[in-house]
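Asker: What follows is a structure written as C-alpha cells; I'll ask about it next.
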Amino acid sequence: MVIIAHPNKLAPDGMVGVSELVDRCYMSTKNLIMARGCFDDTKGAVLVKSLAAKEPSALALDTYYKQYYLCLAAAAAAAATIK
C-alpha cells in the first residue's frame, strides 16, 4: 500500500496538514509526496471517463463533477505515479 499526498505540512488555518498526518499515523506505510499540480481534477475526469466510457453511469460524470473533484484529483495523481 502506498499513500499519495501533497507536500503541505500545515493547513491554511494553522491546523496539521495531510502530509504531516500521514507521516505521524502511517510510519510503516510507504508515503509518496507529489506536487500539488499532480492532483488535477480535470485530468482525472478525462481519465475516469476514458476508462469507464462503456458504463452508462460514467456519462453523468459532468453532472456530479463538483461533488467528486477530490476523487478525480486523486485519480490523476495515482495515474501520474504510474507514468
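Asker: Does residue 45 count as modelled with pLDDT of 80 or more, aliphatic (A, V, I, L, M), surrounded by 12 or more Cβ atoms within 10 Å (Cβ to Cβ) and touching a strand residue (DSSP E or B) at 6+ places or on another chain (Cβ under 8 Å)?
Answerer: Criteria not met by residue 45.
Asker: On to the next question. So residue 31 passes all but one of these: (1) closer than 21 Å to residue 80 by Cα; (2) assigned to a helix (DSSP H, G or I). Which condition number does it fail?
Answerer: Residue 31 satisfies every listed condition except (2).
Asker: Quick check on my filter: what residues within region 1-28 are in a loop (DSSP other than H, G, I, E, B) and over 16 Å from the mean Cα position of the chain (by Cα)?
Answerer: Selection gives 9, 11, 12, 13, 14, 15, 26, 27, 28.
Asker: Within region 9-31, which residues are touching a residue at least 12 places away in the same chain (Cβ under 8 Å) and closer than 26 Å to residue 67 by Cβ?
Answerer: Residues satisfying the conditions are 18, 19, 22.
Asker: Would you pick out the residues in region 19-33 that are among the hydrophobic types (A, V, I, L, M, F, W, C) and surrounded by fewer than 16 Cβ atoms within 10 Å (Cβ to Cβ)?
Answerer: Selection gives 21, 25, 27, 32, 33.
Asker: Name the pairs: first residue in region 57-83 and in the same structural domain as residue 45 (by TED's automatic domain parsing) and within 15 Å of residue 39 (Cβ to Cβ), second residue in a loop (DSSP other than H, G, I, E, B) and at pLDDT below 75, Cβ to Cβ under 9 Å, at least 6 apart or on different chains?
Answerer: So the pair list comes out as 68/61; 72/61; 72/65.
Asker: Going by the structure shown, is residue 11 of a type in the set (A, V, I, L, M) and at pLDDT below 85?
Answerer: yes
The values are calculated or read from the model by the stated rules, or taken from the named source; none is laboratory data. Everything numeric here is computed off the predicted structure, so don't read it as measured data. Heads up, the Cβs are rebuilt from the backbone with ideal geometry, glycines too, and the neighbour counts pull from every protein chain shown.
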